[in-house]
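The structure under discussion appears below in the form of structure tokens.
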Amino acid sequence: MIRLGIDLGGTKIEIIALAQDGRELLRRRVATPRDDYSAILDAVAELVRDAEAELGDSGSVGIGTPGSISRATGLLRGSNSVCLNGKPIKADLETLLGREVPITNDANCFALSEATDGAAAGADVVFGVILGTGVGGGIVVRGHVLTGPNAIAGEWGHNPLPWPKDDERPGPACFAGHSGCIETFLSGPGIERDHLRAFGEALTSHDIGARAAIGDAACEATMRRYEERLARALAHVVNILDPDVIVLGGGMSNVQRLYAGVPALWRSWVFSDRVDTRLVKHRYGDSSGVRGAAWLGAAK
Ligand SMILES: [Zn+2]
């Protein structure tokens, strides 16, 4: 049996088919129909049917998408594709496809992909972190995504940056109505704003990392602040969850120095005489969302 994963995003819908051993058998993408719930359902169903016809096999189906299914109502909420919010998308897809269709958010899919056969393969407890336009997280314990009654396990981007310094209070305002959230410091836009504030220089997060690597003093200072804040934010997670591995994804995860720099710093805040948690870069990168969705649907 094959494993089909769908990454349902605001602009595109991608499908992947994996063999039992994780080999990629097929990958397709289509544009997400605009503001049309039933057209989106049909597009997903068509991708599944076409993939199964092409491969001559049927499979499990899992879906990764922003937002979460409310355990209380079964309805999707918090999606940036607003026409999906308040809809029973899981039940409707199960009817359409005639099978169970587990759905979870993209950070959970990322964590599951990396924990299954990626950079954290074989680890018992994995915390997957997306450091991108936003900051999200997901937890996988012995091969299973942890969800919880509120379907928010791992969502630490809107917790406050821990152990804040005077000049970090109250911190930048965040869209969810708070200020000083981890996301406002550690997202791509967060480091760009921080650099602008400190040096009056508007650079992309990519350029800040690249210029620091060739000795630019201002960018180096910004990268050091970033590393130290990431160390504090992750130390807070280590004190609660004590994961074996923390895997980073998203644009900022491509800054190579984080993997030595952050573990050299987090000792100061982790409540232990030594820290054996490993901090690693993703293996599958942008593919982890859709691969994790495929593993989600798999009977293990
Ligand atoms: Zn926030």
**Report entry** Integer Hz, Karplus 6.51/-1.76/1.60 couplings in order for the stretch 7-13, x for Gly and Pro
**Finding:** 9, 9, x, x, 10, 9, 10
Query raised in the report: Per residue and in cubic angstrom, what volume does the convex hull of the Cα atoms of the stretch 103-216 have?
Result: 142
Report summary line: Distribution output for the stretch 43-103: share of Cα-Cα pairs per 5 Å bin in percent, first bin at 0, values 4, 18, 27, 24, 14, 8, 5, 0
Query raised in the report: Per residue and in Å³, how big is the convex hull formed by the alpha-carbon atoms of the stretch 102-147?
Result: 64
**Report entry** Residues of the stretch 264-279 with amide N under 19 Å of a point placed 7 Å along Cα→Cβ from D242
**Finding:** 266-279
Query raised in the report: For the stretch 17-164, what is the accessible area per residue in Å², given a 1.4 Å probe and the full set of protein chains?
Result: 44
Query raised in the report: How large is ³J(HN,Hα), in whole Hz, for each residue of the stretch 179-184 in order, when computed from phi with the Karplus curve 6.51 cos²θ - 1.76 cosθ + 1.60 and θ = phi - 60°, using x for Gly and Pro?
Result: 9, x, 5, 3, 4, 5
Report task. Determine, at each q value in 0.12, 0.16 (inverse angstroms), the log₁₀ of I(q)/I(0) that the Debye formula gives when each Cα of the stretch 74-140 is one equal point scatterer. Result -> -0.42, -0.69
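Normalising by the residue count of the stretch 55-190, find the relative contact order in percent from Cα pairs under 8 Å and 6+ residues apart.
Details: 232 pairs, mean separation 23.3, N = 136.
That works out to 17 percent.
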Query raised in the report: Got a sec to turn the phi values of the stretch 74-84 into Karplus ³J(HN,Hα) couplings, 6.51 cos²θ - 1.76 cosθ + 1.60 with θ = phi - 60°, whole Hz, x for Gly and Pro?
Result: x, 9, 6, 9, x, 7, 7, 8, 4, 5, 8
Requested in this report: Bin all alpha-carbon pair distances of the chain at 10 Å intervals from 0 and give each bin's fraction as a whole percent.
Outcome: 6, 27, 32, 22, 10, 2, 0
Requested in this report: Run the dipole for the chain about the Cα centre, Lys and Arg Cβ at +1, Asp and Glu Cβ at -1, nothing else charged, and hand back the magnitude in debye, nearest 20.
Outcome: 320
Report task. Determine the gain in length on full extension of the stretch R267-K12; use 0.36 nm per residue of separation and subtract their C-alpha separation, reporting nm with one decimal. Result -> 87.7 nm
Query raised in the report: Tell me, what % of the accessible area of the stretch 146-260 is carbon and sulfur with a 1.4 angstrom probe?
Result: 57
Report task. Specify the residue with the greatest mean-square fluctuation among I139, I214, I89, computed from a Gaussian network of the chain linking alpha-carbon atoms under 10 Å apart. Result -> I214
Report task. Just flag the GluC sites (Glu not before Pro) in the stretch 166-217 sitting in loop per DSSP whose Cβ has no more than 16 other Cβ atoms within 10 Å. Result -> E201
**Report entry** Alpha-carbon gyration tensor eigenvalues x 5, square-rooted, for the stretch 156-264, Å
**Finding:** 21, 18, 12
Report task. Assign one of three labels to the stretch 245-300, namely rounded, prolate or oblate, based on the Cα gyration tensor with a ≥ b ≥ c the square roots of its eigenvalues; rounded applies when a/c is under 1.5, prolate when it is not and a/b is larger than b/c, and oblate otherwise. Result -> oblate
Query raised in the report: Along the Cα-to-C-beta direction of V30, a point sits 7 Å from the Cα; which residues of the stretch 263-300 have their amide N less than 18 Å from that point?
Result: none
Report summary line: As a percent rounded to 5, the proportion of antiparallel DSSP bridges among beta bridges in the chain is 60
Query raised in the report: Among the helices of the chain (complete DSSP H runs), which have Cα atoms covering no less than 20 Å along the helix axis and a Kyte-Doolittle mean of at least -1.0?
Result: 37-55, 217-241
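The values are calculated or read from the model by the stated rules, or taken from the named source; none is laboratory data. Remember, predicted model here, so these are calculated numbers, not experimental data. Ideal geometry is used to build each Cβ from the backbone, glycine not excepted, and the neighbour counts take in all protein chains shown. Surface accessibility is based on the protein's heavy atoms, side chains included, excluding ligands, DNA and RNA. Shrake-Rupley method; radii C 1.70, N 1.55, O 1.52, S 1.80 Å.
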